[in-house]
1. Looking at segment 140-179 only, could you name the residues that are of a type in the set (V, I, T) and farther than 20 Å from D70 by Cα?
2. Going by what's in this entry, would V96 be described as surrounded by 15 or more Cβ atoms within 10 Å (Cβ to Cβ), out of contact with any Phe, Trp or Tyr (no Cβ under 8 Å at 6 or more places or on another chain), at pLDDT 60 or above and aliphatic (A, V, I, L, M)?
3. Please verify whether N161 is closer than 30 Å to A58 by Cβ, at pLDDT 75 or above and surrounded by fewer than 17 Cβ atoms within 10 Å (Cβ to Cβ), treating the condition exactly as stated.
4. Does segment 129-168 hold any residues that are touching a residue at least 12 places away in the same chain (Cβ under 8 Å) and within 30 Å of N44 (Cβ to Cβ), and which are they?
5. When residues of segment 34-49 are filtered for being over 26 Å from R160 (Cα atoms) and at pLDDT below 95, how many remain?
Amino acid sequence: MSNSDFLSRVQIVFAVVILGIALGAFNGALSPVFAQSDFIIFPNDGQSQEQQEKDKFACYSWSKNQTGFDPMETPRVNEALPQKGAKRGGALKGGVGGALLGAAIGGISSGSKGARKGAAIGGISGGVMGGARSQNQKRQEEHAEQQWAQDQANQYAQKRNFYNRAYSACLEGKGYTVR
């Protein structure tokens with residue numbers, strides 16, 4: 001793997017983490033009680049501040065056990081990055097192949113002068129085609145990595161949403177209004 005490929009992959013993973021931040025995946029909390037900053041929680045039964053903190057922690061623990069998701073953990077990658085395909089040719093390989101093919105065809109049809117002309121035309125054509133094929137492969141790989149990053153962010157958001165629903169249900173069961 002070249003340095004540019006490695007940096008590209010690091011950038012994608014970084015983008016997933018940033019997306020997680022944007023989705024509220026991280027909220028800078030230092031304890032599970034503060035991890036629920038997405039919520040507005042109102043004590044309906046006049047619970048004391050101490051009782052509220054106990055209830056929030058109990059609901060954090062219960063929700064984590066029910067859903068298998070811990071909002072306090074750093075998000076992890078669920079699947080490996082897509083594998084890059086074997087690098088195919090490129091402009092140089094296409095140019096060489098085109099020149100050889102052009103020389104053979106030109107030589108058959110017009111002799112040695114035709115072989116030189118055919119090599120030149122074939123080399124240029126093969127180089128252009130090889131370069132285009134290489135660029136297309138690179139675009140496909142970049143698209144696959146972007147799709148992978150989006151899938152990772154979506155999976156995280158779904159798990160977080162499931163956890164949030166469990167946390168809200170728990171608090172409502174303990175006499176709180178949660179919005």
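1. Within segment 140-179, the first condition is being of a type in the set (V, I, T), and the residues that meet it are 177-178.
Selection gives T177 alone.
2. Values: surrounded by 15 or more Cβ atoms within 10 Å (Cβ to Cβ): yes; out of contact with any Phe, Trp or Tyr (no Cβ under 8 Å at 6 or more places or on another chain): yes; at pLDDT 60 or above: yes; aliphatic (A, V, I, L, M): yes.
Criteria met by V96.
3. Details: closer than 30 Å to A58 by Cβ: yes; at pLDDT 75 or above: yes; surrounded by fewer than 17 Cβ atoms within 10 Å (Cβ to Cβ): yes.
Judged against the criteria, N161 is a match.
4. If the condition is that a residue be touching a residue at least 12 places away in the same chain (Cβ under 8 Å) and within 30 Å of N44 (Cβ to Cβ), then A157, K159, R160, F162, Y163, N164, A166, Y167, S168 are the ones that fit.
5. 2
The values are calculated or read from the model by the stated rules, or taken from the named source; none is laboratory data. Just so it is clear, the model here is predicted, and its values are computed rather than measured. Reconstructed Cβ throughout: ideal geometry from the backbone, glycine too, with neighbour counts over all protein chains shown.
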